[in-house]
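Trainee: Have a look at this one.
The values are calculated or read from the model by the stated rules, or taken from the named source; none is laboratory data. These figures come from a predicted structure and were not determined experimentally. No Cβ is skipped: glycine too gets one built from the backbone with ideal geometry, and neighbour counts run over all protein chains shown. Accessible surface areas use protein heavy atoms only, side chains included; no ligands, DNA or RNA. Shrake-Rupley method; radii C 1.70, N 1.55, O 1.52, S 1.80 Å.
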Amino acid sequence: MKIYFHLCLEEFTNSYMVVNDDPGVMEALIIDPGSISNNVISQIEDGGYKLTAVLITQNHESHVKGLNTLTRIYSPQVYAADYEIQGLRTNLIRGDGNLKLIGLNVDYFSLPGHSADSMIFKIGNVLFTGDTLTAGITGDTAGTYFQRILCANIEKRIFTQNDELVVMPGFGPPTTVAAERYYNLNISANRKFLRSQEK
């Protein structure tokens, strides 16, 4: 498995291409196609990959803007927590589960708080979190109540994972589960709040 990072300059969002370059497979999937540049197309074509899937962490314009371009050129299956994205029917995923894509196991988890349809994906030792979790902070929410829900979900669903798991967020640099468990500002503030409520 190889992972290629692409920065979508319009919104400064991260997009990722995961490839299985086993000679018997040679397939790729894209996570959050915020924009599709010539570089992305060249990487697929020059690598000789078949693009078979697109994974969406949430239906925000900055994460799906390139989807129509991709589907004009290729015929990938789209997996998301929404029935339809940009007029395209998706393979609906809800709750927690597992997919077998490009010859790899892809675990998915529902993690609401930032948005109702937020999903995270785990492939090998890498966790793709979209806007749910970024290095040092959590995703924006509609208010304090939703921030508490998001922090609780991150503690339950992400921080129970292996410390060495690499986190690839929708914005900003990569991080690890261990680094976020100990140094994430929003999580620390939420823990402090919860301790104050116990007194």
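Trainee: When the range 47-62 is examined, which residues are found to be in contact (Cβ under 8 Å) with a residue 40 or more places away in the chain, open to solvent by less than 50 Å² (accessible area, probe 1.4 Å), within 21 Å of F171 (Cα to Cα) and of a type outside the set (S, T, Y)?
Mentor: Of everything in the range 47-62, those that are in contact (Cβ under 8 Å) with a residue 40 or more places away in the chain, open to solvent by less than 50 Å² (accessible area, probe 1.4 Å), within 21 Å of F171 (Cα to Cα) and of a type outside the set (S, T, Y) turn out to be L55, I56, Q58.
Trainee: Follow-up. So which residues in the range 114-163 are among the aliphatic types (A, V, I, L, M) and either more than 13 Å from the chain's Cα centre (by Cα) or over 24 Å from L29 (Cα atoms) (or both)? If you could, list the steps in order and put the result at the bottom.
Mentor: As a first pass, look at the range 114-163 and keep what is among the aliphatic types (A, V, I, L, M): 116, 119-120, 123, 126-127, 133, 135, 137, 142, 149-150, 152, 154, 158.
If the condition is that a residue be among the aliphatic types (A, V, I, L, M) and either more than 13 Å from the chain's Cα centre (by Cα) or over 24 Å from L29 (Cα atoms) (or both), then A116, A135, I137, A142, I149, L150, A152, I154 are the ones that fit.
Trainee: Hey, another quick one. Scanning the range 77-117 for residues that are among the hydrophobic types (A, V, I, L, M, F, W, C) and open to solvent by 50 Å² or more (accessible area, probe 1.4 Å), which turns out modelled with the highest pLDDT? Step through it out loud before you land on a result.
Mentor: We begin by selecting, within the range 77-117, every residue among the hydrophobic types (A, V, I, L, M, F, W, C); these are 78, 80-81, 85, 88, 92-93, 99, 101-102, 104, 106, 109, 111, 116.
Going one step further and asking which of them are open to solvent by 50 Å² or more (accessible area, probe 1.4 Å), we end up with 92, 116.
On the way: L92: 94, A116: 70.
The qualifying residue modelled with the highest pLDDT is L92.
Trainee: For the range 63-76, which residues satisfy the criterion of being without any contact (Cβ under 8 Å) to a residue 60 or more places away in the chain and surrounded by 14 or more Cβ atoms within 10 Å (Cβ to Cβ)?
Mentor: At the first step, the residues of the range 63-76 found to be without any contact (Cβ under 8 Å) to a residue 60 or more places away in the chain are 64-76.
Of everything in the range 63-76, those that are without any contact (Cβ under 8 Å) to a residue 60 or more places away in the chain and surrounded by 14 or more Cβ atoms within 10 Å (Cβ to Cβ) turn out to be V64, K65, G66, L67, N68, T69, L70, T71, Y74, P76.
Trainee: Could I ask something else about it? Restricting to the range 1-34, and then to whatever is open to solvent by 40 Å² or more (accessible area, probe 1.4 Å) and modelled with pLDDT under 90, can you tell me which residue is nearest to L127 (Cα to Cα)?
Mentor: Applying the filter and picking the extreme gives L7.
Trainee: Could you check how many residues of the range 144-188 are open to solvent by 30 Å² or more (accessible area, probe 1.4 Å), assigned to a loop (DSSP other than H, G, I, E, B) and either among the small types (G, A, S) or over 21 Å from K122 (Cβ atoms) (or both)?
Mentor: Of the residues in the range 144-188, 1 are open to solvent by 30 Å² or more (accessible area, probe 1.4 Å), assigned to a loop (DSSP other than H, G, I, E, B) and either among the small types (G, A, S) or over 21 Å from K122 (Cβ atoms) (or both).
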